[in-house]
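The values are calculated or read from the model by the stated rules, or taken from the named source; none is laboratory data. Quantities reported herein were computed from a predicted structural model and do not represent experimental measurements. Glycine also receives a Cβ, built like all others from the backbone with ideal geometry; neighbour counts cover every protein chain displayed.
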Amino acid sequence: MLRATLTPSIEIRLQIGQRLGVVFADPTQLHQIVMNLCTNAIHAIYGQGQGVLELVLESCELDHTASAQFVNLLPGNYLCLTVRDNGHGMDEGTLEKIFDPFFSTKGQTEGTGLGLSVIHGIITKLGGAITVVSKPGQGTQFDVYLPCREEGTTRNDQIEQGQLPHFANKRILLIDDDENLLFSIDLLLRQLGYSVISANNPLRALELFTNNPNNFDLVITDQAMPEMNGMELASRFAQIRPDIPIILCTGYDPTAGYGMAANGEIADYITELAIKPLERQELVAVLTKVFNRVS
């Protein structure tokens with residue numbers, strides 16, 4: 001499809017590995033991922049003279065150290081799809097926003113800015129991850145990691161039992177207004193064996209908790225949210241059920257006052273502070289600390 005629409009000045013190079021593993025995914029969604037990344041690459045190449053679009057598909061194994069670099073990846077076998085171009089590249093400011101909804105480097109008639117945001121959500125939902133490396137004038141490379149399914153196993157079977165906390169069946173209320181972060185942490189918690197109810201709005205979370213406060217063993221809430229911040233929300237939870245453990249997540253230094261009471265101490269209704277972004281090992285550590293304290 002791509003070759004039929006390209007000018008002779010753009011070359012497509014394919015490198016497909018041998019004996020690759022199997023992933024479980026909707027073929028339509030995989031098509032959407034490949035076409036979106038390739039279309040973006042082609043837009044970046046036009047006007048650069050001779051262009052090269054490379055697609056590489058290979059298997060890789062991520063150990064504990066490698067998987068810890070990602071928010072929601074477990075150690076194991078993955079398929080890695082690389083889409084690389086020699087186009088105009090992107091600066092750091094653009095890279096920081098590349099997966100944000102409605103952000104686009106194209107003209108108003110060339111795209112909605114939803115493409116990368118959508119495929120980021122698809123990949124995350126599949127238990128994978130996507131990374132990007134780019135510099136102005138030096139092209140761009142996207143790497144997509146999708147978990148392989150070993151013969152006769154399920155994704156849950158691939159989680160090392162020794163990694164699962166003994167309290168992994170706890171019920172968690174998760175709140176964050178950032179849809180991507182909410183989805184990623186929700187998925188990670190479920191992979192660890194927890195039961196999760198997520199809310200992207202503090203008022204909705206308050207409604208869920210008020211209707212059935214004993215339905216949760218833990219609350220994890222972001223601090224910076226519209227309508228009601230995490231501290232205010234945690235205070236409301238504590239008024240309804242004083243014994244509920246609450247983890248307050250913030251991207252700011254706790255010494256700036258987030259999570260603190262007026263006297264400078266951690267507010268008594270905040271069980272633990274967590275600094276974003278939360279990687280897998282950090283999340284496991286803070287959950288272990290909290291549940292050991294309240295058990």
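Output the strands (runs of 3 or more DSSP E) that fall wholly within segment 108-200 and possess 1 or more residues being modelled with pLDDT of 65 or more, outside the structural domain of Phe216 (by TED's automatic domain parsing) and buried (at least 17 other Cβ atoms within 10 Å of the Cβ), or say none.
129-134, 140-147
Please count how many residues of segment 19-43 are of a type in the set (A, V, I, L, M, F, W, C) and outside any loop (DSSP other than H, G, I, E, B).
9
Every residue, every condition in (1) touching a Gly at 6+ places or on another chain (Cβ under 6 Å); (2) closer than 25 Å to Gln281 by Cα; (3) not aliphatic (A, V, I, L, M), yes or no:
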residue	(1), (2), (3)
Gly21	no, no, yes
Asn36	yes, no, yes
Tyr46	no, no, yes
Leu55	no, no, no
Cys60	no, yes, yes
Thr65	no, yes, yes
Gln69	no, yes, yes
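For residues in segment 177-216 being charged (D, E, K, R) and under 21 Å from Ile244 (Cβ atoms), which is farthest from the chain's Cα centre (by Cα)?
The residue in question is Glu207.
Of the residues that sit in segment 250-272 and are at pLDDT 75 or above and out of contact with any Ser or Thr (no Cβ under 7 Å at 6 or more places or on another chain), which one is nearest to Ala129 (Cα to Cα)?
By that ranking, first place goes to Thr250.
Counting only residues that are surrounded by fewer than 18 Cβ atoms within 10 Å (Cβ to Cβ) and outside any strand (DSSP E or B), which one in segment 273-283 is modelled with the highest pLDDT?
Among those residues, the one meeting the criterion is Glu282.
Taking the condition of being surrounded by fewer than 13 Cβ atoms within 10 Å (Cβ to Cβ) and modelled with pLDDT of 90 or more, how many residues in segment 18-41 meet it?
The number of residues fulfilling the criteria is 0.
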